[in-house]
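Beneath this line is the structure, given in structure tokens, with notes to follow.
The values are calculated or read from the model by the stated rules, or taken from the named source; none is laboratory data. Owing to the predicted nature of the structure, the values given are computational and were not obtained by experimental measurement. Cβ atoms come from the backbone with ideal geometry, glycine included; neighbour counts cover every protein chain shown. Note: areas computed on protein heavy atoms with side chains; ligands, DNA, RNA excluded. Shrake-Rupley method; radii C 1.70, N 1.55, O 1.52, S 1.80 Å.
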Amino acid sequence: MRFQLTDDQRDLRGGVRELLARRFGREVLRGAVERPGLDRGLWRELGEAGFFGLRLAEAAGGVGLGVPEAVLVFEEAGRALLPGPLVATHLAAGAVPGAATGETVVTAVGGGGLVEWLDEADVVVGEVSGAVALRSVDPLTPLHRVPGAPAAAGPDDLFVLLTAAEQLGTAVRTCEAAVQHARTREQFGRPIGAFQAVKHLCAELLVRVEVARVAVYAAAVTADPVDIAAARLAADEAAVRGARDCLQVYGGMGFTWEVDVHLCLKRAWVRAERGGSITESEELLAGELLVEAG
Amino acid sequence: MDLSYTPEQEEFRARLREWLVKALPALPPKPSPDDWPGRRAYDLGWQRTLYDAGYADVHWDASPTMRLIFLEETETAGAPYVGANFVGLLHAGPTIAAEGTAGQRDRWLPSILRGEEVWCQGFSEPDAGSDLASLRTRARRDGDEYVVTGSKIWTSHAEVADWCELLVRTDPAAPKHRGISWLAMPMDAPGVTVRPLRTLAGSTEFAEVFLDEVRVPVANRVGEENDGWRVTMVTLSFERGTAFVGEVVACRRVLGEIAREARANGRWDDSGVRRRLGRLYAEFRALWRLTQWNVSEGEAPSGGGPGAPGVPGVPGVGGSVFKLRYSRARQELFDSAAEVLGVGALDLEQPWVVDRLSSLSYTIAAGTSEIQRNIVAERILGLPKG
Ligand SMILES: Cc1cc2nc3c(=O)[nH]c(=O)nc-3n(C[C@H](O)[C@H](O)[C@H](O)COP(=O)(O)OP(=O)(O)OC[C@H]3O[C@@H](n4cnc5c(N)ncnc54)[C@H](O)[C@@H]3O)c2cc1C
């Protein structure tokens, strides 16, 4: 057993982080908020970098890596708040022509009949007739909803897992932002991070991140539906509560449009719905618990 | 990221499992919680059994992964946990192994491994709890002895211990972290008085220890004079890093039993109850993954411990992350048992009711949750000290 990143996995994560910092740094992120729309150029670059074809065999033009590597890549996407139906396009690679290379943008019907980026997508997985546009809470995720979509028909496991990986990345971002602000913002003549109430919010942010991280990584290794359900619960909590606590650490600034915290929170809300009903995940775990107990 | 075990590790697991099947039925009946001499004999007897079978030093010599397997399998099989051997095996022993002289290691380690001597931990004092470094128990040098006067509190197993790992102040003039020394004190020395304290669970798990001019040989000091704080940090990091592996396995089993009880008594039909139990199941699965993650980190060559051969890597502050989350989860576990039991949760005869009471100490003992959050924020996240 060696439940740690390998050197290759570390390099992969570092490489993706670098690419995203270069191509989707804060300025670009804020630009995208003001001028929403999918950046096709970036999408193709992601395709070239292997973002979508990561798990396809090399013979099929992919990178030939596994689910753990995909999880690391999606964690970075979540950390960068990269917009677009990334998970759906990744999962369509190999099945939908052009998805792997980033030529084709693919979206899918997620939990609760939610469809992201419907107007911009070239291909939709799932039935979307009668889809109604929502006025999306997240400025970087246009949303539609398919009326009457059965609530219980949850998305596939891998869709849920990669969504959880994005949640993990966003949770990491909120933790980093909160700590950074706590170190630099001064009140009463000291950095606010010296005050225990603030310090303890930051500590809890990290604890939730680390618990979500091991749950998501382990689920990537086992691909077990029970592990995936556990991982999504931990990751949703880390992302949503992380953004809330980060907002608190930012004070009034946290309530502004200008600071990025709200983007983290809103995206985390969208993904928590996309991953299907939380109740379903809890019930799945409860059922499995009884089975294990015999 | 690899969660599979090597053939060597699997073989170790299989052999251990096979041995447990034979060894456990030979155990004497479990003594009652109030029978301290009986508990001491039982816990030492189990350690002796492990020693004879070649498993005694698994806490020290084996790789962290082997230790994980050992704790997982013994707990799953329902074997006794370390009990009264806790301080010897998990604090004092590893500290002596890492920081003691060859003579000290020869004197104290074999008797811990063979289940011959019990240790207790005399750190906390009435006025020095979270702020441990402010401790005041004084040790005055008199030739080749220290003369120790003061009092300790919350000393678990003090009534049945042979030795106490004792923190004393050897230089009252120095800044508080620099005047402390670590001594091994025989509990039968003249001047040691133990007064048991009753816990809220009704039992006497810990005691006050009064020290009145107790003479302790200077040769019993581990580490340099006034360097005891550093030695202590070694000990505490063991406590925070590796102590709970078996308990996570046990909690997962208890959770299953609670679920079965809920189904039997109808509480399972309440979706709120089911969902909370499902969440706790996710929580304990994640805590197990965190354990595996930390253990794997401990395997890394860079984690190698100082000093004596065979000493496992000193676990890092990551143990605080684990302890924070685990202590809360354990309390939630027994709260959920109470929810399932309903009125039964008020009956001390029912299962889990005493465990629920005991779980209340988890966010206090071995560094309170507030102190753990300070550690995480200051040492991992680098926030300024308050
Ligand atoms: C079951 C049990 C077994 C124990 N066994 C042993 C043993 O064998 N040997 C031994 O030496 N000790 C033992 N202890 C003692 C234990 O380590 C202390 O209880 C613990 O360190 C807290 O100290 P205290 O009780 O003095 O509480 P205090 O330090 O007085 O704390 C009281 C409250 O104040 C908070 N607080 C204190 N300082 C801060 C701060 N800087 N920031 C924020 N909050 C703060 C605490 O978090 C807590 O909520 C045991 C305790 C228990 C409960």
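Using a Förster distance of 22 Å, how high is the FRET efficiency between A:LEU5 and B:SER4, based on the Cβ-Cβ distance and rounded to 0.05? Write out the running numbers ahead of the final one.
On the way: r = 16 Å, r/R0 = 0.73.
For R0 = 22 Å, the calculated efficiency reads 0.85.
Would you kindly state how much longer the chain becomes between A:ARG35 and A:ARG190 on full extension, computed as 0.36 nm times their sequence separation minus their alpha carbon distance, in nm to one decimal?
That works out to 51.9 nm of additional length.
Which of A:GLY112, A:GLY102, A:GLY61 ends up with the largest GNM mean-square fluctuation for chain A, with Cα atoms connected below 10 Å?
Per the Cα network of chain A with a 10 Å cutoff, A:GLY61 tops the list.
Let me check I have the definition right: for chain B, take the eigenvalues of the Cα gyration tensor, multiply each by 5, take square roots. What are those semi-axes in whole Å, largest first?
Those come to 34, 24, 22 Å.
Antiparallel as a % of all DSSP beta bridges within the stretch A:1-155, to the nearest 5?
Numbers: 7 of 10 bridges.
Percent antiparallel among DSSP bridges in the stretch A:1-155 is about 70.
Which of the GluC sites (Glu not before Pro) found in the stretch A:157-265 are in a DSSP loop and have at most 16 neighbouring Cβ atoms, other than their own, within 10 Å?
Details: sites: A:GLU166, A:GLU176, A:GLU186, A:GLU204, A:GLU210, A:GLU237, A:GLU258; in loops: A:GLU258.
Loop-located and lightly packed - A:GLU258.
Connecting C-alpha atoms closer than 10 Å in a GNM of chain A, tell me which of A:GLY113, A:GLY31, A:GLY78 has the biggest fluctuation.
A:GLY31
Quantify, in whole percent, the carbon and sulfur part of the accessible surface of the stretch B:7-113 (1.4 Å probe; protein heavy atoms only).
Values: 2610 of 4590 Å².
The value for the stretch B:7-113 is 57 percent carbon and sulfur by accessible area.
Can you give me the C-alpha center-to-center distance between the stretch B:120-168 and the stretch B:203-230, rounded to a whole angstrom?
Centre-to-centre distance over Cα atoms comes out at 4 Å.
What does the structure give for B:368-374 when I average, per residue, the other chain Cβ atoms found within 10 Å of the residue Cβ?
Averaged over the peptide's residues, the number is 3.
Express the relative contact order of chain B as a whole percentage, based on alpha carbon pairs under 8 Å and six or more residues apart in sequence.
On the way: 620 pairs, mean separation 55.7, N = 386.
That works out to 14 percent.
Given a cut-off of 33 Å, what percent of all Cα-Cα pairs of chain A lie beyond it?
21
Rounded, prolate or oblate: pick one for the stretch A:166-207, where a ≥ b ≥ c are the square roots of the eigenvalues of its C-alpha gyration tensor, a/c under 1.5 means rounded, and failing that, prolate if a/b is larger than b/c, else oblate.
Here the stretch A:166-207 falls in the oblate category.
Compute the signed sum of charges (Lys and Arg +1, Asp and Glu -1) over the other residues within less than 12 Å, Cβ to Cβ, of B:VAL168. Before the final figure, lay out each step's value.
Working: positive: B:ARG136, B:ARG138, B:ARG140, B:ARG141, B:LYS152, B:ARG169, B:ARG221; negative: B:GLU125, B:GLU165, B:ASP171, B:GLU225.
Around B:VAL168, the charge tally is +3.
Could you report the accessible area of B:MET1 in Å², rounded to 10, computed with a 1.4 Å probe on the protein chains as they sit in the structure?
It works out to around 20 Å².
Could you tell me which residue out of B:ALA133, B:VAL209, B:PRO351 lies farthest along the dipole of chain B toward its positive end? Charges go on the beta carbon: Lys and Arg +1, Asp and Glu -1, centred on the Cα centre.
So the residue furthest toward the plus end is B:PRO351.
Could you state the angle between the C-alpha long axis of helix A:278-293 and the longest principal axis of the C-alpha atoms of chain A, as a value from 0 to 90 degrees rounded to the nearest 10?
For helix A:278-293, the angle is close to 80 degrees.
Can you tell me how the stretch B:238-287 classifies by the Cα gyration tensor, rounded, prolate or oblate, using a/c under 1.5 as the rounded cut?
Because a/c hits 1.5 or more and a/b exceeds b/c, the stretch B:238-287 counts as prolate.
Report, in debye and to the nearest 20, how large the dipole of chain A comes out about its Cα centre when Lys and Arg carry +1 and Asp and Glu carry -1 on their Cβ. Mind dumping the intermediate values first?
Values: 29 positive and 40 negative charges, 229 e Å.
Around 1100 debye, computed over chain A.
Give the residue list of trypsin sites (Lys or Arg not before Pro) in the stretch A:123-224 that are DSSP loop and have at most 13 other beta-carbon atoms within 10 angstrom.
Answer in residue order: A:ARG135.
Compute the relative contact order of the stretch A:157-293 as a whole-number percentage, counting only Cα pairs closer than 8 Å that sit 6 or more residues apart in sequence.
Working: 171 pairs, mean separation 43.6, N = 137.
This gives 32 percent for the stretch A:157-293.
At 7 Å along the Cα-to-beta-carbon direction for both A:GLU176 and B:GLU145, put a label point, then send me their distance in nm to one decimal.
Going by the 7 Å Cα→Cβ label model, 6.1 nm.
What full-extension length gain, to one decimal in nm, is calculated for B:THR204 and B:ARG178 as 0.36 nm per residue of separation minus the Cα-Cα distance?
Here the segment from B:THR204 to B:ARG178 would lengthen by 6.0 nm.
When 1/r is averaged over all different Cα pairs and the result inverted, which Kirkwood radius in Å belongs to the protein assembly as shown? Could the numbers behind the result be given before it?
Details: mean 1/r = 0.0366 Å⁻¹.
Taking every pair of different Cα atoms in the protein assembly as shown, averaging 1/r and inverting gives 27.4 Å.
Compute the FRET efficiency between A:ALA59 and A:VAL291 as 1/(1 + (r/R0)^6), taking r as their Cβ-Cβ distance and R0 = 30 Å, and round to the nearest 0.05.
After rounding to 0.05, the efficiency reads 0.15.
Of the options B:ALA243, B:MET185, B:GLY150, report the single residue whose Cα projects farthest towards the positive end of the charge dipole of the stretch B:128-256 (beta-carbon charges: Lys, Arg +1; Asp, Glu -1).
B:ALA243
If each residue of separation counts as 0.36 nm, what is the full-extension length gain between B:LYS385 and B:LEU357 once their alpha-carbon separation is subtracted? Mind dumping the intermediate values first?
On the way: separation 28, 0.36 × 28 = 10.08 nm, distance 3.36 nm.
Using 0.36 nm per residue and subtracting the Cα-Cα distance, I get 6.7 nm.
For the stretch B:7-113, take the convex hull of the Cα atoms, compute a quarter of its surface area, and give me that in nm², please.
Value for the stretch B:7-113: 7.1 nm².
With a Förster radius of 22 Å, plug the Cβ-Cβ distance of B:VAL218 and B:ARG136 into 1/(1 + (r/R0)^6) and report the FRET value to the nearest 0.05.
0.60
The stretch A:129-235: which chymotrypsin sites (Phe, Trp or Tyr not before Pro) are DSSP loop and have at most 13 other beta-carbon atoms within 10 angstrom?
Passing both the DSSP loop test and the Cβ count: A:PHE188.
Per residue, how many Å² of accessible area does the protein assembly as shown show with a 1.4 Å probe?
Computed with neighbouring chains in place, this is 41 Å² per residue.
Give me the percent relative contact order of chain A, please, defined on Cα pairs under 8 angstrom at least 6 residues apart. Present the calculation step by step, with values, prior to reporting the outcome.
Details: 483 pairs, mean separation 50.3, N = 294.
RCO, chain A: 17 percent.
Can you give me the angle between helix A:7-23 and the longest principal axis of chain A, using Cα atoms only, in degrees from 0 to 90, rounded to the nearest 10?
Result, in degrees: 80.
Using only the alpha-carbon atoms, how far is helix A:67-80 inclined from the longest principal axis of chain A? Give it as 0 to 90 degrees, nearest 10.
Result, in degrees: 50.
Which of rounded, prolate or oblate describes the stretch A:7-145 when judged by the alpha-carbon gyration tensor and an a/c cut-off of 1.5? The partial results should precede the final answer.
On the way: a/c = 1.96, a/b = 1.27, b/c = 1.54.
It is oblate, given that a/c is not under 1.5 and a/b is not larger than b/c.
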